[in-house]
1. For a quick check of your reading: which helices (runs of 4 or more DSSP H) sit entirely within region 47-122 and have at least 1 residues that are modelled with pLDDT under 95?
2. Given the criteria among the β-branched types (V, I, T) and open to solvent by 10 Å² or more (accessible area, probe 1.4 Å), does I240 qualify?
3. Here are some residues: N385, N416. Which one is open to solvent by 30 Å² or more (accessible area, probe 1.4 Å), over 25 Å from N341 (Cβ atoms) and of a type in the set (S, T, N, Q)?
4. Filter region 118-129 down to the residues that are of a type in the set (S, T, Y) and out of contact with any Ser or Thr (no Cβ under 8 Å at 6 or more places or on another chain), then identify the one that is nearest to V426 (Cα to Cα).
5. Would you be able to say whether some residue in region 100-118 is touching an Asp or Glu at 6+ places or on another chain (Cβ under 7 Å), among the charged types (D, E, K, R) and outside the structural domain of T171 (by TED's automatic domain parsing)?
6. How do the helices (runs of 4 or more DSSP H) wholly within region 194-265 filter down when requiring 1 or more residues that are charged (D, E, K, R) and touching a strand residue (DSSP E or B) at 6+ places or on another chain (Cβ under 9 Å): which remain?
7. Output the helices (runs of 4 or more DSSP H) that fall wholly within region 386-436 and possess 2 or more residues being aliphatic (A, V, I, L, M) and free of Cβ contacts under 8 Å to residues at least 24 places away in the same chain, or say none.
8. Can you report the number of residues in region 94-129 which are within 16 Å of ligand 1 (Cβ to nearest atom) and open to solvent by less than 10 Å² (accessible area, probe 1.4 Å)?
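The values are calculated or read from the model by the stated rules, or taken from the named source; none is laboratory data. Note that the structure is a prediction, hence the values are computed from the model and not measured. Neighbour counts run over all protein chains shown; Cβ positions are idealised from the backbone, glycine included. These area figures cover heavy atoms from the full protein model, side chains too; ligands, DNA and RNA do not enter into them. Shrake-Rupley method; radii C 1.70, N 1.55, O 1.52, S 1.80 Å.
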Amino acid sequence: MADFTTLLERTRDAITNLEDQCIACGTCTTRCDLLESRTWNIHAICEESSDAIGGAHDAQSARLGIDAHPSLYQFFRSCESCNRCTVHCPQQLNMSDLWQPWRALLRGAKYIPDSDVGMIKTDCTWNTFSVYRHVWNIDYSDLSLLEVPSIDETEGATVQEAPARKAHAETLFFPGCTLCTYAPELTRAAYAWLNEHVGPTLLSTQCCAWPLECAGEVDRAQTWRERVIAAAKDQGVRRIVGVCPGCDRQLEIAAAAVAPGMEFVPLAQLLLDAGVRMGDESLADCTLPLSVVTSCNDRASIHGPAVRALFEHANAKPFPCADEDAWCCGAGGAVNAYDPNLARSRTCRSFRLCEQAGAHTLVTVCPTCAYTYAFERWMQAQEGNARWDGMGSLNYLEVAFDMRIDWPRVFANLTNMWQGEQGAWVAEQLSQSEPGSET
Ligand code: SF4
Ligand code: SF4
Ligand code: SF4
């Protein structure tokens, strides 16, 4: 992580830049309850930010300033960096340009503890995704893999032995950590489809490091993405086929720096181009109508329209806030680590919108949204809350490949991997401090 003075300078630069450009028109205020409840626009947040850290010169003085502005602190821990607020900004400003340096500053000042990073150090050999795959024997080593050395990689410490020669292919399938960790059969089915319909394809089991960025490890996240893209280029990749709009968005930024010309294509678009369509017969186990809920990372409408078109023959209702108006599913910004009830209320907002649309099944564009909706329904079942019993949810790939993710089993596995001997091993791996970090 950069030293604290640099983090302060970056945050102040962002504040000055946005404050200078914002004309305080208030458009953003009306598009998010976090802003509306504080009657804030970006200009007001910048003023509040300057009050808090304008005079700070080190972590201690920054903490004093931040502690004196609790509403500001709550805001930056509760904001998902989804940019719904600023998507119609007449000045083309982005909330994430302020959120990102602020999150890094909060991490640098230790408001975001090391324990929050330990689980999601996705640039290291062991993190919450790789330990899950290891414990539950999810292994892709028989496939052609993208090889990216972890930042802590030493001989004998890798999750799987590297093959003698690196595989080469022009296409890389980047399913994202949710799909490749919790849905290995579906990941394999999509990978096999790409090999058959597109040509030789590599599989990436890496994470795009968005969880690290949410924990304020912004530089590490960016370094990791550039390492992933550079490795892909080295293995001959020219196009990346994505499922998760969040991964695509982050990797595209890295590709602009280290592999300009790298093409990004949603898997949904390739399925559509190949003539795949899903009608009601593929949804026999779902209560219809369905509604396709788009991702807050897809404001440029790259994945969402293709997924909707895949269901054009199905009994479907339009989701009320789609594409550039999409709300976050509740997973964004790792807000659940700070305020789980707020994150859960955001998840239930999508259920309400689906209900308002007259639909009973949410079909997600993003696999992590599918995880989030399934987890909320599972939690409510544990709590004996029947409010959303009639609401179903699944990812479009489950329909396309006629497979269902067994989420209750995934959630049980996530609990059980912490038990007994393997639990001690998991705890040991996730508590290890990682090289390259000052934490
Ligand atoms: S919409 Fe843009 S210009 Fe208007 S208040 Fe918000 S950030 Fe400022
Ligand atoms: S949660 Fe999203 S819409 Fe709300 S302030 Fe943050 S970036 Fe803007
Ligand atoms: S963007 Fe989110 S879901 Fe996608 S791979 Fe990264 S962390 Fe996982």
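1. Working: elements: 59-67, 70-78, 96-108, 114-118.
So the answer is 114-118.
2. Values: among the β-branched types (V, I, T): yes; open to solvent by 10 Å² or more (accessible area, probe 1.4 Å): no.
Spelling it out, it is not the case that I240 is among the β-branched types (V, I, T) and open to solvent by 10 Å² or more (accessible area, probe 1.4 Å).
3. Details: N385 fails: over 25 Å from N341 (Cβ atoms).
Exactly one residue qualifies, and that residue is N416.
4. Filtering region 118-129 down to residues of a type in the set (S, T, Y) leaves 122, 125, 128.
Filter once more, keeping what is out of contact with any Ser or Thr (no Cβ under 8 Å at 6 or more places or on another chain): 122, 128.
On the way: T122: 15, T128: 9 Å.
Step by step, filter region 118-129, then rank; the result is T128.
5. There is at least one residue in region 100-118 that is touching an Asp or Glu at 6+ places or on another chain (Cβ under 7 Å), among the charged types (D, E, K, R) and outside the structural domain of T171 (by TED's automatic domain parsing).
6. On the way: elements: 210-214, 218-234, 245-258.
Counting at least 1 such residues, we get 245-258.
7. Working: elements: 396-400, 407-416, 420-431.
Where helices (runs of 4 or more DSSP H) fall fully within region 386-436 and carry at least 2 residues being aliphatic (A, V, I, L, M) and free of Cβ contacts under 8 Å to residues at least 24 places away in the same chain, they are 420-431.
8. Residues in region 94-129 being within 16 Å of ligand 1 (Cβ to nearest atom) and open to solvent by less than 10 Å² (accessible area, probe 1.4 Å): 4 in total.
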